[in-house]
1. If you take the square roots of the eigenvalues of the alpha-carbon gyration tensor of region 72-157 and sort them as a ≥ b ≥ c, do you get rounded (a/c under 1.5), prolate (a/b over b/c) or oblate?
2. Only Lys, Arg, Asp and Glu count, each charged at its Cβ (+1, +1, -1, -1), so figure out the dipole size of the chain about its Cα centre, rounded to 20 debye.
3. Hey, any idea what Rg/Rh is for the chain, computing Rh the Kirkwood way over Cα pairs?
4. If you plug each phi of region 85-97 into the Karplus form 6.51 cos²θ - 1.76 cosθ + 1.60 with θ = phi - 60°, what whole-Hz ³J(HN,Hα) values come out, in order, with x for Gly and Pro?
5. On alpha-carbon atoms, Rg over Rh for region 119-161 using Kirkwood Rh?
6. Rank 174, 24, 115 by how far each Cα sits towards the positive end of the charge dipole of the chain (+1 on Lys, Arg Cβ; -1 on Asp, Glu Cβ) and give me just the farthest.
7. In nm, what is the difference between 0.36 nm times the number of residues separating residue 32 and residue 75 and their Cα-Cα distance?
8. Testing the spin-label approximation: label points 7 Å from Cα along Cα→Cβ at residue 164 and residue 181. State their distance in nm.
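The numbers here are math on the coordinates, done by the rules we state, and not lab data. Every value quoted in this text rests on a predicted model; they were computed, and no experiment measured them. Glycine gets a Cβ as well: all are built from the backbone with ideal geometry, and neighbour counts include every protein chain shown.
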Amino acid sequence: MIDSIRGELAEALHAATLGEGVACDYHQRPKEISTEESVLVEAMRLVDHPQLQIEQWPEDWVIDAVRCADHAVDEIVAPTRGFEEALISVSLTVSNGVVSVSMPSSDDVSVLDVSPATDGTRPILIDQQLVDARQPNDHGVFRWTRIAGMLAAEPPEPLRGHIENLIEGSQTVPETVEKRI
């Protein structure tokens with residue numbers, strides 16, 4: 001399974017831009033990451049979600065989160081059903097002040113873990129306030145791994161309380177998230 005996904009990831013994510021710099025998505029205040037070494041990235045593809053309109057989301061793999069050494073993991077911590085998820089290590093390039101993923105061939109991506117859309121916990125209960133609070137193009141904010149990361153970064157009230165209420169109303173919650181509330 002990993003070999004077939006390597007090609008898909010390389011094709012979909014090569015030259016994906018990360019902006020003018022790279023920061024860890026698991027810090028309350030962004031922690032800049034060096035572009036000189038390989039970077040740990042979470043990629044995802046939305047396959048099915050009981051509350052979201054599929055037409056609103058990209059059909060292919062997208063970069064969901066970047067992890068610094070302090071937040072490095074070797075597996076997808078809390079997979080979410082409905083999302084294909086991959087934990088990968090990739091190289092970056094900087095051109096004209098913009099950081100991009102550099103993996104022109106499948107040999108340039110190291111896949112550490114994959115979770116198919118049929119595995120994991122049912123997605124978090126979603127409401128309009130959570131949808132409105134997300135950043136533009138933040139397609140994976142509804143994955144449990146990202147929810148656990150948001151809680152670990154200690155978001156300010158009332159957002160933290162609101163997220164905790166959504167978690168309590170969700171059908172199932174991963175153990176890694178329950179420990180944070």
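1. oblate
2. Its charge dipole is roughly 420 debye.
3. Ratio of gyration radius to Kirkwood radius: 0.95.
4. Karplus values, whole Hz, x for Gly and Pro: 10, 9, 9, 10, 10, 9, 8, 10, 10, 10, 9, 6, x.
5. Dividing the radius of gyration by the Kirkwood radius yields 0.94.
6. 174
7. Here the answer is 13.2 nm.
8. Those two pseudo-labels are separated by 1.0 nm.
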